Amino acid sequence: MKKIYIIFTIFCLNFIYAQSPTCDTASAFCAGGSTLTFANSTNVPSLGGIGCLSTTPNPAWFYMTISQSGTLNFLLTQGSNAPNYNNQDVDFIVWGPFTAPNCTDLYGFPVGNTTIPNNVVDCSYSGSATENVDIVGAVAGQVYMVLITNFSNQAGQITLTQTNSGIGAGATDCNVVCGVSLGPDQIFCSTSVTCYTLDANFNSPTTQPGTPVFV
């Protein structure tokens, strides 16, 4: 019997993501050779003061999985001035490392969770529209949690670009973002089959009942 397959080709070139306003819905992201771009949040209440962030309005939560050990440096921007997206204040905090996405062991989150060891890796609360995010000495398999905020409450885009990709640098796992499983082979065949035959001159088909022949 001849099988019929549907083949999907998936391209992950310029990554586009939606924000996740709560930690437990944090989205996976990677920022290898391409710039990560996603819409920021607006009109979402602050989570309170967390780490170096005195306030956390319009939170967007993400996590990254390390695929290659090393230091990772990122450029983080926010704005509405395409294509640069760098005219709105952006703030961030990074926690880690963890063995899996984690919302219960983040120093300072929820507010007051300061009895655990301080696992803040990097944090900035400046008024700048561009920030440098650094994760030093990351190890393959580790997971880092990231919170990005929108202080001005203005609609725009956030971008994240790794600035030190290459030999000796760490890398993030894009399989958690682009990996797709189509499942086992599927055979699609109706239980009721109608056979179509063409006349001798290959004109419009006429319908005749019959038994389907499988090759």
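Some observations on this one:
- Criterion applied to Ser46, Ser67, Ser80, Ser27 was being surrounded by fewer than 20 Cβ atoms within 10 Å (Cβ to Cβ) and in contact with an Asp or Glu (Cβ under 8 Å, 6 or more places away or on another chain), and the one residue passing it is Ser67.
- Residues in segment 97-114 that are of a type outside the set (Val, Ile, Thr) and surrounded by 11 or more Cβ atoms within 10 Å (Cβ to Cβ): Pro97, Phe98, Pro101, Asn102, Cys103, Asp105, Leu106, Tyr107, Gly108, Phe109, Pro110, Asn113.
- If you go through segment 123-139 and keep only what is open to solvent by 30 Å² or more (accessible area, probe 1.4 Å), touching an Asp or Glu at 6+ places or on another chain (Cβ under 9 Å) and not aliphatic (A, V, I, L, M), you end up with Cys123, Tyr125, Ser126, Gly127, Ser128, Asn132, Asp134.
- Qualifying residue in segment 172-181 (condition: on the phi < 0 side of the Ramachandran plot, open to solvent by less than 50 Å² (accessible area, probe 1.4 Å), modelled with pLDDT of 95 or more and not in a loop (DSSP other than H, G, I, E, B)): no
- Beta carbons closer than 8 Å, at least 6 apart along the sequence or on distinct chains, pair a first residue in segment 120-131 that is more than 14 Å from Ser54 (Cβ to Cβ) with a second that is polar (S, T, N, Q) and open to solvent by less than 40 Å² (accessible area, probe 1.4 Å) for Ala129/Thr77; Ala129/Gln78; Ala129/Gln88; Thr130/Thr77; Glu131/Thr77; Glu131/Ser124.
- Condition met for Phe151 (under 30 Å from Gln68 (Cα atoms), open to solvent by 30 Å² or more (accessible area, probe 1.4 Å), modelled with pLDDT of 95 or more and within 26 Å of the chain's Cα centre (by Cα)): no
- The condition of being open to solvent by less than 30 Å² (accessible area, probe 1.4 Å), in contact (Cβ under 8 Å) with a residue 12 or more places away in the chain and in contact with a strand residue (DSSP E or B) (Cβ under 9 Å, 6 or more places away or on another chain) holds for only one of Gln142, Gln157, Gln88, that being Gln88.
The values are calculated or read from the model by the stated rules, or taken from the named source; none is laboratory data. Not measured: the values here are computed from a predicted model. Cβ coordinates were reconstructed from backbone atoms using ideal geometry, including for glycine residues, and neighbour counts include every protein chain displayed. Keep in mind that these areas ignore ligands, DNA and RNA; they rest on the heavy atoms of the full protein, side chains included. Shrake-Rupley method; radii C 1.70, N 1.55, O 1.52, S 1.80 Å.
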